[in-house]
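Structure provided below as structure tokens; questions to follow.
The values are calculated or read from the model by the stated rules, or taken from the named source; none is laboratory data. Model, not experiment: these values are computed from the prediction. Cβ placement follows ideal geometry from the backbone for every residue including glycine, while neighbour counts extend to all protein chains displayed. Protein only, heavy atoms only, side chains kept; ligands, DNA and RNA dropped before computing areas. Shrake-Rupley method; radii C 1.70, N 1.55, O 1.52, S 1.80 Å.
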2 protein chains.
Amino acid sequence: LESIFWDISMRTVEWDYDLAGVKLIDQRLLPGELKVNFYQDHHQVVGAIRDMVVRGAPAIGVTAAFGLALAAFQSSADTPERLMADLQVSAQEMRESRPTAHNLTWALDRILNGIEASNQTIGKLRIAILELAQALADDDVRLNQQMARLGAVLIADGDTIIHHCNTGALAAVDWGTALGVIRMAFEQGRKVHVLVDETRPRLQGARLTAWELKQVGIPYDIITDNAAGYFLSTGQVQKVFFGADRVAANGDVVNKIGTYMLALAAHDNHVPVYAVVPSSTIDLSLANGRLVPIEQRNPAEVLDLEVAGQPVTPVGSTARNPAFDITPNRLLTAIVTENGIIYPPFEQNLGRIVAGN
Amino acid sequence: LESIFWDISMRTVEWDYDLAGVKLIDQRLLPGELKVNFYQDHHQVVGAIRDMVVRGAPAIGVTAAFGLALAAFQSSADTPERLMADLQVSAQEMRESRPTAHNLTWALDRILNGIEASNQTIGKLRIAILELAQALADDDVRLNQQMARLGAVLIADGDTIIHHCNTGALAAVDWGTALGVIRMAFEQGRKVHVLVDETRPRLQGARLTAWELKQVGIPYDIITDNAAGYFLSTGQVQKVFFGADRVAANGDVVNKIGTYMLALAAHDNHVPVYAVVPSSTIDLSLANGRLVPIEQRNPAEVLDLEVAGQPVTPVGSTARNPAFDITPNRLLTAIVTENGIIYPPFEQNLGRIVAGN
């Protein structure tokens, strides 16, 4: 399987072994410009996650892992134990950069739990951390392809699919989650058409998903988030697909703001709804979605819109900008993971699949 | 009651008796600029409705009525019968400018049915048409104030209300429908807070409703349309209000795209949903909302978004842009009209209230 970025032969997030640092596609500039940023300071990586240079649950998990490797190389600790203490501080800073996504915490814990300070040199520890981060990145691509293969059977020839936010190669290291499933069905020869909802406020659908679909050649139309209900209720849509930033033990899905309303409209019209997530997104420690902290972002993201060069909102307006919402498990048809397609009752079936991971 | 436009002492739509033509606030320029356009050609009035210089069901009804008066003055007919024939052609052109709104057809029919060619001079007919149009405009303000008084009882002190699109003074001749109800409750001394959904694609919420609320001094926050579900499901909203472009005999509401998803999310969280409409918006000839033609507008309205001076969508992207959707009657708590607040079963109760008009 070729990378979607064959033209620049790189992943969304990547460690540069020559320059010793993290490379990120600056997703804020797409689709106008394809630019790669380079970071050698782990504080800058935290900033890049917070400012959404990189976004998408799998992608920020791997970015944080490489960020932790940077922190290890930057640390001036003179014992392995002090290095470990420095890493704990850096990891906490990264966790707080985007509080909702589970992959971020999951990736950091995977690394911190994977190394052992005793009987190690600082140099060996640094290499071990980088190797763990690299393994996470490679695993992510492999898992995404596995999910795409498993999920593609859900898509029939001729399907029109509404897709929310961006869940493609840009949201992961490569390939993606929900968009990966759609792409796999397309590459297997099935005709699909995607209604790309623009995903206000940051417009990841209009900017990134449209751009990725264009690269791959999948036909699409952009719609406002508002319009999904119209297309669903007029029988023009066969499936709804999205990813998730966290899935609770009962199958509640915490995902980009607007997912709940989309899933509700699909459910009201008996259109199947699928969340596609690596099992690292599933947080069995949370009984339900209401327990997940919802990030409140800068109101400027809502207010900074322009049309024809003119600002849209009255001067002095205020806004509220929750970044995620909770889609209750009752609205989901199935959750697609690299370990299989999980159907209700999610409470029983999710635990089994994650435990088996 | 003072007009919301006291500072410029004019209505959204008005006949200028000195210059003999129609004045419209150019709503495409708000909130950046408050500009009044003047029209002496009825074809230009059709263009102004189609291009949304003026929008809002009551406002375009009255605009079309004044447009018909212009057509009467412009006609070169030499007999009353030929004038009537010219008016039929002009009326048809106006009806087709926005196919979904019922008030447009209703207002034109009110005028065409209100005049009688026999035993009339052309000059007297022209005056009669203008007088009927002026009466429609004056009636609209009176009806809106009546609706606002009736509906205001639904709003409790401390309510946070989600409001969709624009239904204020700008959507009517003055005062408005749903926003008029909110304003009346506020002026009666109740504390209200409005979550203004921006209403993609044309952003009438972010542009116009926010501007009107600011004029009146009602506190508000702008939210993306996507975010309504979050606020509803976290118990932060007590009521949902919107207007309508057409209400079918069974109470199905055809309104600005996105209304259906908003009503669905409110209903899913047991938050009351109110449509506020003059009885002229109720079309008893249509059994249900599915029979209403849904206007498909220019995809450029979806694609022309910019952030920081940069276009958002990839070059060559296509879009679909339905302007309205259908909110099934089961999602509505009540419909507020100038003749009373109507509760289910709408099929029985709507007929009674409109018949009594």
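Note down, for segment A:234-282, the three equivalent ellipsoid semi-axes (square root of 5 times each alpha carbon gyration tensor eigenvalue), biggest first, whole angstrom. Walk me through the numbers on the way to the answer.
Details: eigenvalues 91, 21, 16 Å².
Equivalent ellipsoid semi-axes, largest first: 21, 10, 9 Å.
Separate question: Just want to confirm a number: the relative contact order over segment B:245-289, from Cα pairs under 8 angstrom separated by 6+ residues, in percent. Provide the component values of the computation, followed by the final result.
Numbers: 47 pairs, mean separation 27.8, N = 45.
With pairs under 8 Å counted, the relative contact order is 62 percent.
Then there is this: In nm, one decimal, shortest first: how far is the label point of B:Leu19 (7 Å from Cα along Cα to beta carbon) from the matching points in the other copies?
Nearest first, the other copies' label points are 6.0 nm away.
Tell me the mean residue ellipticity at 222 nm calculated for the protein assembly as shown from its helices only (DSSP H runs of n ≥ 4, each -39500 (n - 2.57), averaged over every residue, nearest 500). Intermediate values should be presented prior to the final figure.
Working: 22 runs with 268 residues, N = 714.
Calculated mean residue ellipticity at 222 nm is -11500 deg cm²/dmol.
So, R0 is 51 Å and r is the distance between the beta-carbons of A:Glu187 and B:Asn288; what FRET efficiency does that work out to, to 0.05?
Details: r = 42 Å, r/R0 = 0.83.
Using R0 = 51 Å, I get an efficiency of 0.75.
With a 1.4 Å probe and all protein chains in place, put A:Trp106, B:Trp15 in order of accessible area, largest first.
Output order, biggest surface exposure first: A:Trp106, B:Trp15.
Still on this structure: If you average over every viewing direction, what projected area does the convex hull of the Cα atoms of segment B:76-159 give, in nm²?
Averaged projected hull area, Cα only: 7.4 nm².
Would you mind counting up the charge near B:Ile155? Only other residues with Cβ under 13 Å from its Cβ, with Lys and Arg at +1 and Asp and Glu at -1.
Values: positive: B:Arg149, B:Arg183, B:Arg190, B:Lys191, B:Lys239; negative: B:Asp157, B:Asp159, B:Glu187.
It works out to a net charge of +2.
With a 1.4 Å probe and all protein chains in place, put A:Glu93, A:Glu338, B:Glu96, A:Glu33 in order of accessible area, largest first.
B:Glu96, A:Glu33, A:Glu93, A:Glu338
Need the per-residue list for segment A:308-342: every residue with at least 50 Å² less accessible surface in the complex of protein chains than in the chain by itself, probe 1.4 Å, sorted by number.
A:Val312, A:Pro314, A:Thr318, A:Arg320
If you look at just the Cα atoms of segment A:256-357, how large are its Rg and its Dmax in Å?
According to the Cα coordinates of segment A:256-357, Rg and Dmax are 17.8, 54 Å.
Still on this structure, please answer the following. Report, to the nearest whole %, how much of the accessible area of segment B:200-357 belongs to carbon and sulfur atoms, 1.4 Å probe, protein only. Could the numbers behind the result be given before it?
On the way: 2530 of 4880 Å².
Ligands and nucleic acids excluded, carbon and sulfur give 52 percent.
Ignoring ligands, DNA and RNA and using a 1.4 Å probe, state the total buried accessible area between A and B in Å², rounded to the nearest 100. List each step's numbers first, then the result.
Working: alone 14830 and 14840 Å², together 24710 Å².
Roughly 5000 Å² of accessible surface disappears when A and B pair.
Which of A:Pro299, A:Pro278, A:Pro314 moves the most in a Gaussian network model of chain A with Cα springs under 10 Å?
Answer for the Gaussian network model of chain A: A:Pro314.
Please express the shape of chain B as an equivalent ellipsoid: the semi-axes are the square roots of 5 times the eigenvalues of the C-alpha gyration tensor, given largest first in whole angstrom.
They are 33, 23, 20 Å, listed largest first.
Further question on the same structure: Of all DSSP beta bridges located in chain B, what percent are antiparallel, nearest 5?
50
State, to one decimal in nm and shortest first, how far the label point of B:Leu291 sits from each corresponding label point in the other identical copies (label point: 7 angstrom along Cα-to-Cβ).
Spelled out, the distances from B:Leu291's label point are 5.2 nm.
Shortest first and in nm to one decimal, what separations exist between B:Arg82 and its copies in the other chains, measuring from label points 7 Å along the Cα-to-beta-carbon line?
Result, one decimal in nm: 10.3.
Of the residues A:Ala266, A:Ala85, A:Ala287, which exhibits the maximal mean-square fluctuation in a Gaussian network model of chain A defined by a 10 Å Cα contact cut-off?
Answer for the Gaussian network model of chain A: A:Ala85.
Starting from the Cα coordinates of segment A:6-105, work out the convex hull volume and express it per residue in Å³.
In segment A:6-105, the Cα convex hull volume per residue is 95 Å³.
Return a whole-number percent for the relative contact order of segment A:25-130, with Cα pairs under 8 Å and 6 or more residues apart as the contact set. Before the final figure, lay out the partial values.
Values: 118 pairs, mean separation 30.1, N = 106.
It comes to 28 percent, rounded to a whole number.
Indicate the residues belonging to segment A:161-210 that lose 40 Å² or more of solvent-accessible heavy-atom surface (probe 1.4 Å) upon moving from the chain alone to the assembly of all protein chains, ignoring ligands and nucleic acids.
Relative to the lone chain, where solvent access is computed with a 1.4 Å probe, segment A:161-210 loses at least 40 Å² at A:Glu198, A:Arg200, A:Arg207.
Turning to a different aspect of this structure: Which whole-number percent is the relative contact order of chain B (Cα, under 8 Å, 6+ apart)?
Details: 721 pairs, mean separation 54.1, N = 357.
That works out to 15 percent.
State in Å² the accessible area per residue of segment A:204-357; use a 1.4 Å probe, count heavy atoms of protein chains only, and round to the nearest integer.
Accessible area per residue, segment A:204-357: 31 Å².
Related question: Rounded if a/c is under 1.5, else prolate if a/b is larger than b/c, else oblate: which is segment B:206-289, with a ≥ b ≥ c the root eigenvalues of its Cα gyration tensor?
oblate
Based on the inverse mean of 1/r over its pairs of different Cα atoms, what is the Kirkwood hydrodynamic radius of the protein assembly as shown, in Å?
Hydrodynamic radius (Kirkwood, Cα only) of the protein assembly as shown equals 27.0 Å.
Can you give me the % of accessible surface on segment A:20-170 that is carbon or sulfur? Probe 1.4 Å, all protein chains present, nothing else counted.
Heavy-atom surface of segment A:20-170 belonging to carbon and sulfur, 1.4 Å probe: 49 percent.
Would you mind working out the accessible area per residue for segment B:1-154, using a 1.4 Å probe, and quoting it in Å²?
43
Under 10 Å, Cα contacts only: if you run a Gaussian network model on chain B, which one of B:Met147, B:Met94, B:Met261 comes out with the highest mean-square fluctuation?
Top of the fluctuation ranking is B:Met261.
How large are Rg and Dmax for segment B:133-221 when only the alpha carbon atoms are used, in Å?
My reading of the Cα-based Rg and Dmax gives 12.6, 39 Å.
Just to be sure I understand the interface: list residues from segment A:237-265 that lose 30 Å² or more of accessible area between the chain on its own and the complete protein assembly, 1.4 Å probe.
Those residues are A:Ile257, A:Tyr260, A:Met261, A:Leu264.
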